[in-house]
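One structure is given here, and the rest of the page talks about it.
The values are calculated or read from the model by the stated rules, or taken from the named source; none is laboratory data. Keep in mind the model is a prediction, meaning the values are calculated, not measured. Note that each Cβ is placed from the backbone with ideal geometry, even for glycine, and that neighbours are counted across all protein chains shown. Heavy atoms of the whole protein, side chains included, go into the accessibility calculation; ligands, DNA and RNA do not. Shrake-Rupley method; radii C 1.70, N 1.55, O 1.52, S 1.80 Å.
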Amino acid sequence: QVQLVESGGGLVQPGGSLRLSCAASGNIFSINPMAWYRQGPGKQREWVAGITSGTSTNYADSVKGRFTISRDNAKNTVYLQMNSLKPEDTAVYYCNMNVRGVHYWGRGTQITVSS
């Protein structure tokens with residue numbers, strides 16, 4: 001069973017930065033793609049960024065150039081560096097692991113961007 005635990009959320013002012021972390025249990029982390037999703041108030045969950053088992057990354061247009069996804073396979077951890085945050089980035093952010101089409105989710109961490 002895969003367990004994902006996010007951390008690093010909080011309240012930040014517009015223009016600020018935060019780094020999210022997601023620690024995965026088990027020994028299959030390094031061979032599976034990882035992603036971050038988010039769900040804003042009254043909105044559907046949306047994909048934010050993804051990273052392959054290697055180093056290939058992709059981003060939603062809304063965060064491209066501001067967010068960076070990375071992974072440390074030795075630590076079973078994926079990160080999301082978020083810069084130039086905007087109020088519309090306010091959401092619960094979820095970590096996701098795709099194991100041959102089976103999706104595992106963390107519980108999420110709240111990010112609030114407000115002055």
Which value, in Å² and to the nearest 10, is the accessible area of Asp61 when all protein chains are kept and the probe is 1.4 Å? 130 Å²
What part of the accessible area of the chain, given as a whole %, is carbon or sulfur when the probe is 1.4 angstrom? 46 percent
Formal net charge of residues neighbouring Gly10 (Cβ-Cβ distance under 14 Å; K, R +1; D, E -1): -1
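Please report the net charge: other residues with Cβ closer than 9 Å to the Cβ of Val78, K and R +1, D and E -1. Each step should come with its number before you reach the end.
Working: positive: Arg71; negative: Asp72.
So the surrounding residues net to 0.
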Highest-first arrangement of 51-60, 20-29, where packing means the average Cβ count within 10 Å: 20-29, 51-60
Karplus-derived 3J(HN,Hα), 6.51/-1.76/1.60, for each residue of region 76-92, Hz, glycine and proline x: 6, 9, 10, 10, 9, 8, 10, 10, 6, 5, 10, x, 6, 7, 4, 4, 8
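Can you compute the charge dipole magnitude of region 1-80 about its Cα centre, using +1 on each Lys and Arg Cβ and -1 on each Asp and Glu Cβ, nothing else charged? Give it in debye, rounded to the nearest 20.
Values: 8 positive and 4 negative charges, 22 e Å.
That gives a dipole near 100 debye.
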Over region 27-115, what is the relative contact order in whole percent, taking alpha-carbon pairs under 8 Å and six or more residues apart? 28 percent
Charge dipole of region 27-79 about the Cα centre (unit charges at C-beta), most positive-ward option of Ala49, Asn73, Ser30: Ala49
Using a Cα-Cα cut-off of under 21 Å, which lysines could be cross-linked to Lys86, ignoring same-chain neighbours fewer than 8 residues away? Lys43, Lys64
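Is region 14-59 rounded, prolate or oblate when judged by the Cα gyration tensor, a ≥ b ≥ c being the square roots of its eigenvalues, rounded requiring a/c under 1.5 and prolate requiring a/b larger than b/c? Walk me through the intermediate numbers first.
Working: a/c = 1.88, a/b = 1.72, b/c = 1.09.
Prolate shape, in that a/c is at least 1.5 and a/b is the bigger ratio.
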Give the residue list of trypsin sites (Lys or Arg not before Pro) in region 1-71 that are DSSP loop and have at most 13 other beta-carbon atoms within 10 angstrom. Lys43, Lys64
What's the center-to-center distance, using Cα atoms, between region 1-22 and region 67-115 in Å? 6 Å
